[in-house]
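Comments concern the structure below.
The values are calculated or read from the model by the stated rules, or taken from the named source; none is laboratory data. What you see is a predicted model, and the numbers here were worked out from it, not measured in a lab. All Cβ positions, even for glycine, are placed from backbone atoms using ideal geometry, and neighbour counts span all protein chains on display.
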Amino acid sequence: MVTEGEPTDLVKVFHLLILSTSWGVQIWVTFVSGLVLGAGVPRHIFGLVQSKLFPFYFYGLLGSSFLNLAVYAGYHPRELLDNHETVQMGLFFGALILAGLNAQWFGPAVTELMHQMHEVEREHGLGGEVGFRSNKEGYTKLREQDPKYKGLRSSFFRYHGLSSLCNLLGLLCTGVNLCYAALNLRTI
């Protein structure tokens, strides 16, 4: 939908609101919520809460990334893009792809592996500890004794790492776009 002329003030406010809200949620979920929750609840509760919240988070980012890209693309026809606008369009598209990867593949894979790990941990009396580093020797012992658990843990951390990388790159895309928006407030 190529639109002629400048976006209205309402469109500018909508675009900036969606962009800044996305960035704020990404900052909170990435750097704050895990530390706050992880320090105060048992390990399995922490995982369960994250497994319920992350689909909303990932699909929320997917939706906001789509809206940001759609609004931006609607007012910036491809044929007329300068270098900065091309970078910004690419960043909006990158944020969309990264959120989609997390929503569709990495997030569900991490959750499924986490549930399988919790099952094995419960069988060995683990998972009720509060904090990230508590009963480290119990988990080390389980990893050494149970090859199934060791494999699950390895897969979990691989997918969790890919999910975290997508999340951080998406945060970077959104942050840079927010900077571009702030530097070009007259044009969105």
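Figures for the structure shown
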read-out	value
Single unsatisfied condition, Ser65 versus (1) out of contact with any helix residue (DSSP H, G or I) (no Cβ under 6 Å at 6 or more places or on another chain); (2) buried (at least 18 other Cβ atoms within 10 Å of the Cβ)	(1)
Thr86 part of a helix (DSSP H, G or I) and within 30 Å of Gly131 (Cβ to Cβ)	no
Unmet criterion (only one of (1) modelled with pLDDT under 95; (2) within 16 Å of the chain's Cα centre (by Cα); (3) crowded, with 17+ Cβ neighbours inside 10 Å) for His76	(2)
Count of segment 3-29 residues which are touching a Leu at 6+ places or on another chain (Cβ under 6 Å) and β-branched (Val, Ile, Thr)	1
Matching residues, segment 88-125, being aliphatic (A, V, I, L, M) and either at positive phi or without any contact (Cβ under 8 Å) to a residue 60 or more places away in the chain (or both)	Met89, Leu96, Ile97, Ala103, Ala109, Val110, Leu113, Met117, Val120
Residues of segment 129-188 that turn out to be under 30 Å from Val11 (Cβ atoms), surrounded by 15 or more Cβ atoms within 10 Å (Cβ to Cβ) and in contact (Cβ under 8 Å) with a residue 40 or more places away in the chain, as a count	14
Helices (runs of 4 or more DSSP H) wholly inside segment 96-188 containing at least 1 residues that are under 16 Å from the mean Cα position of the chain (by Cα)	107-123, 147-183
